[in-house]
Amino acid sequence: MTPAELSQAVLSAVRAVVEAGELTVAVPEQVTVERPKNKDHGDYATNVALQLAKPAGRPPRQVAELLSARLQEFPGVAKVEIAGPGFLNITLDAASQGALARTVVEAGEAYGRNEALRGLRINLEFVSANPTGPIHIGGVRWAAVGDSLGRILRATGAEVTTEYYINDAGVQISKFGASLQAAANGRPVPEDGYVGAYIVDIAKQIVDGHPGVLDLPEAEQLEVFRSAGLTLMVDEIKRSMEEFGVHFDVWFSEKSLHDSGAVGQAIERLREQGHVFDRDGAIWLRTTDFGDDKDRVLVKADGDTTYFASDAAYYLSKRDRGNAVNVYMLGADHHGYVGRLKAIAACAGDDPELNIEVLIGQFVKMIRAGEEVRMSKRAGNIITIDDVVDWIGVDAARYSLARSSTDSTLTLDIDVLTSTSNENHVYYVQYAHSRMCSVARNAAQLGIDKGAAEDFRPELLDSPWENALLGKLGEFPQVVASAAELREPHRVARYLEQLAGEYHRFYDNCRILPRGDEEATDLTRARLWLADATRTVIVNGLGLLGVSAPERM
RNA sequence: GCGCUCGUAGCUCAACGGAUAGAGCAUUUGACUACGGAUCAAAAGGUUGCAGGUUCGAAUCCUGCCGAGCGCACCA
């Protein structure tokens, strides 16, 4: 029996009690059942009696009594106990619990997927770092988290578009081009320009690819360096992302918004909505109507449009392309944008609470040799995505960045992640998978097969370790669903660590394959079903994180 | 000054208002003549920054302090 099925059983018990007139209360939409932390509290627990007590005007334990009587009658339910203030602690019989292994194996890669967000079109924009240099560590965090979130939302039925916004229109790109030009000519980098080995490299590539460029007039030279540099840098970022296992469906050019006239049209559309006004020779959007702390300029007095105007046009583009939910993943240094982004949606006549979601990622600190590795573009010692991958590999990098909530600042110790293995939690999970593959190889060599589904004897999986592992397997769909709903991929990683732990303990206490000249038994086969089910969930879960599940390590 | 985010074991981090706040690392002690020891078992480690409040129940929600990070442009 899966937790979802048990939840339905509890719900029907509530319904039965109400229909019998034993309780006067509105039947809830759904009830939660969860694995209690304490094993003495049964296989599953529900707090539904506590929640119904107040509306029903009855003591919680009395409500629990009524529900308990009904629940006892359900097939597969072995025992129901009332505990504490009114929790219902439910114990399943071993066969009912063990059947989960077959459910999981038969569902295969579909296990954990659901349709909760079917039909919802979600746009995920993340990283979007200026193409004036390599992706640094803050962007890498979003690459790992954002890509994983995309996978999780897709597994929940949503239609997801992942998107990278290229800031290719502003003065930063001009400075970038000027820096390249200076480097190519052996001149000092202009004031607040870009420095670093990568600038020299790119400048050289441009000179090699454009013979005679240095003979052109200054202005023409600059244009070559600007546009060729942009192309090279964006290609470089794309390559880094793909190597990191992160694919963007759309690379959206800010410049294209200007070239197509979309920025001007956006301003007109906002004006029609009545939130645009002129003051001091500039054109403004009255974002204070919707909670922003000050109004924002769309067109400056000198006629240039602002970055904010591009933001507005970009948001409208996302909406025009059919995205109902638009998720922005920003670094903590951009949290001040939340108000104005939401105000854009409101000014456009949308619902800012529904159509825009902003996730803020706190900073990532990296430590090596006990000291923080400071990133500074000026000093040229930035930590880039390629550095991180070189040091610890894609799997460890993605996993370490995705296993924590983006709400918390993260400190990664390079020495720990490179040298020891035990603080690389990803290995703990991957090792569990490798062990299962090893068992499967050994079984094949011995000519042992888990057998047909109808011969599977789930009731044999009755030890505490098997019970714990089965219970954990049952939680997976709910973990995926809440990770999607809360936009928190780290829940999947934490779950996998718990699952791997249950597997390791099961492996230690429950011999799967026969030893020596023993014969394979029904128990052997039942445990192979369980191991296969676990492997399925680990593969599916790691897949949601974009992390590999190696068969050997 | 105003605003946003965050204060949890020595360290790095978990915990959708639920029962005795959990993992890993580090420390101490055990387990391979058995499927991979990158494992397992056990000990020790906490006034969840502080003080109030809300309720059957608070690390979680509210208020006020304290501390940390980051923002408050006709910059991008």
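General observations
- Output for the stretch A:73-108, where each listed residue is out of contact with any Leu (no Cβ under 8 Å at 6 or more places or on another chain), within 22 Å of A:Ala56 (Cα to Cα) and assigned to a loop (DSSP other than H, G, I, E, B): A:Gly84
- Cβ-Cβ distances below 6 Å connect the following pairs, each with a first residue in the stretch A:273-284 that is open to solvent by less than 100 Å² (accessible area, probe 1.4 Å), a second residue that is within 6 Å of RNA strand B (Cβ to nearest atom) and outside any strand (DSSP E or B), and a separation of six or more residues or different chains: A:Gly281/A:Ala301; A:Ala282/A:Lys300; A:Ala282/A:Ala301.
- Qualifying residue in the stretch A:285-293 (condition: hydrophobic (A, V, I, L, M, F, W, C) and in a helix (DSSP H, G or I)): yes
- Some residue of the stretch A:336-350 being part of a loop (DSSP other than H, G, I, E, B) and either touching a Phe, Trp or Tyr at 6+ places or on another chain (Cβ under 8 Å) or within 14 Å of RNA strand B (Cβ to nearest atom) (or both): yes
- Checklist (1) of a type outside the set (Val, Ile, Thr); (2) open to solvent by less than 40 Å² (accessible area, probe 1.4 Å); (3) part of a helix (DSSP H, G or I); (4) within 30 Å of A:Leu117 (Cβ to Cβ) applied to A:Glu242, failing item: (2)
Conditions tested, residue by residue: (1) open to solvent by 30 Å² or more (accessible area, probe 1.4 Å); (2) at pLDDT 95 or above; (3) in contact with a strand residue (DSSP E or B) (Cβ under 6 Å, 6 or more places away or on another chain).
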| site | (1), (2), (3) |
| --- | --- |
| A:Ser148 | no, yes, no |
| A:Arg154 | yes, yes, yes |
| A:Gly186 | yes, no, no |
| A:Ile202 | no, yes, no |
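- Residue satisfying all of: in the stretch A:451-464; assigned to a helix (DSSP H, G or I) and buried (at least 18 other Cβ atoms within 10 Å of the Cβ); nearest to RNA strand B (Cβ to nearest atom) among these: A:Leu460
- Qualifying residue in the stretch A:442-450 (condition: within 7 Å of RNA strand B (Cβ to nearest atom) and crowded, with 17+ Cβ neighbours inside 10 Å): no
- Hits in the stretch A:421-440 (condition: modelled with pLDDT under 90 and open to solvent by less than 70 Å² (accessible area, probe 1.4 Å)): A:Ser421, A:Asn424
- Whether a residue is within 23 Å of the chain's Cα centre (by Cα), under 30 Å from A:Thr536 (Cβ atoms) and surrounded by fewer than 24 Cβ atoms within 10 Å (Cβ to Cβ) was assessed, and A:Ala95 does not pass this test.
- Test for A:Glu519: is it away from RNA strand B (no atom under 12 Å from the Cβ) and assigned to a loop (DSSP other than H, G, I, E, B): yes
- Test: residue in the stretch A:17-39 that is within 14 Å of RNA strand B (Cβ to nearest atom), part of a helix (DSSP H, G or I) and closer than 20 Å to A:Lys472 by Cβ: yes
- Taking every residue in the stretch A:16-35 that is closer than 30 Å to A:Tyr495 by Cβ and pairing it with any residue that is in a loop (DSSP other than H, G, I, E, B), at least 6 positions away or on another chain, the pairs with Cβ-Cβ distances below 8 Å are A:Thr32/A:Asn47; A:Arg35/A:Asp43.
- Cβ-Cβ under 7 Å pairs, at least 6 apart or on other chains, the stretch A:300-311 side within 15 Å of A:Leu285 (Cβ to Cβ) and more than 6 Å from RNA strand B (Cβ to nearest atom), far side hydrophobic (A, V, I, L, M, F, W, C) and not in a helix (DSSP H, G or I): A:Thr305/A:Leu298; A:Thr305/A:Val299; A:Phe308/A:Val297; A:Phe308/A:Leu298; A:Ala309/A:Leu298; A:Ala309/A:Val299; A:Ser310/A:Ala169
The values are calculated or read from the model by the stated rules, or taken from the named source; none is laboratory data. This is a predicted model, so every value here is computed, not measured. Methodologically, a virtual Cβ is constructed for each residue, glycine included, from the backbone with ideal geometry; neighbour enumeration extends over all protein chains shown. Surface accessibility is based on the protein's heavy atoms, side chains included, excluding ligands, DNA and RNA. Shrake-Rupley method; radii C 1.70, N 1.55, O 1.52, S 1.80 Å.
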